[in-house]
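Here the structure is laid out as structure tokens; the discussion comes afterwards.
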Amino acid sequence: MPRYDFRCRSCGATFELSRPMAQANDPAVCPQGHQDTVKLLSTVAVTGAAAGGAPQQAPGGGGGGCCGGGCCG
Ligand SMILES: [Zn+2]
């Protein structure tokens, strides 16, 4: 069951609830009893280095031809 983070706008507390996805957008009640809460962005799928995973390739790099090593003058 996924977890969702909420923030209470009444007291500023953040709390976490486990609930079915079907109820993801249901209103949550603060542990202090406040009902003025907002759902925070889920962090379920974010693990470590999410950006820049692919190595950069230099444009027009040597293809392994003989001229790359200066062997053909
Ligand atoms: Zn509260």
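The values are calculated or read from the model by the stated rules, or taken from the named source; none is laboratory data. All figures in this text were calculated on a predicted structure; none of them were measured in a lab. Please note: Cβ atoms are built from the backbone with ideal geometry, for glycine as well, and neighbour counts cover all protein chains shown. For the accessible areas, the whole protein counts, side chains as well, though only heavy atoms, and no ligand, DNA or RNA atoms are used. Shrake-Rupley method; radii C 1.70, N 1.55, O 1.52, S 1.80 Å.
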Within the stretch 17-28, which residues are within 14 Å of the ligand (Cβ to nearest atom) and either of a type in the set (D, E, K, R) or open to solvent by 80 Å² or more (accessible area, probe 1.4 Å) (or both)? PRO27
Residue ID - farthest from the ligand (Cβ to nearest atom), chosen from residues in the stretch 1-13 that are surrounded by fewer than 14 Cβ atoms within 10 Å (Cβ to Cβ) and within 15 Å of LEU41 (Cα to Cα): PRO2
Within the stretch 42-65, identify whether any single residue is at pLDDT 85 or above and of a type outside the set (Val, Ile, Thr), and answer yes or no. no
